[in-house]
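See structure below.
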Amino acid sequence: MTINNRQFPRQEVKIEVELEYLDDTARKAITRDVSEGGLFITLNDADHYPMGEMVLMRFKHPLENFQDTVKDGVIVRQAADGIAVAFIEMEEF
């Protein structure tokens, strides 16, 4: 049995996210899971989004009654099927 040491438990939720990265045109993608601390976005070109880079996301937050949400995030993990993004507050930088 694996122990889950995550700070925020994940919920498997598929929602649409508008993802902005550098000067790229904003694109829409689908999440695999969401937590209070971040989300995993499924992508077929995850290598286009390097770890440590900042992204801007717009979505209807499923953990906050699907309110329109705009979050800054940092890419914390790449996988073959997408990227994990941790939410950040710009005041941290």
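Values quoted throughout were computed directly from the atomic coordinates according to the rules given, and no laboratory measurement underlies them. Note that the structure is a prediction, hence the values are computed from the model and not measured. Cβ atoms come from the backbone with ideal geometry, glycine included; neighbour counts cover every protein chain shown.
At a glance:
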{"item": "Normalised contact order of the chain, rounded percent, pairs of Cα under 8 Å and 6 or more residues apart", "result": "25 percent"}
{"item": "Computed label-point distance, nm, for sites E89 and V76 using a 7 Å Cα→Cβ extension", "result": "1.6 nm"}
{"item": "For I15, distant residues with modelled amide H under 5 Å away", "result": "T31"}
{"item": "Student exercise, the chain dipole from Lys, Arg, Asp, Glu Cβ charges, in Debye to nearest 20", "result": "420 debye"}
{"item": "Values of log10 I(q)/I(0), in the order q = 0.16, 0.17 Å⁻¹, for the chain under a Debye, Cα-only, solvent-free model", "result": "-0.62, -0.70"}
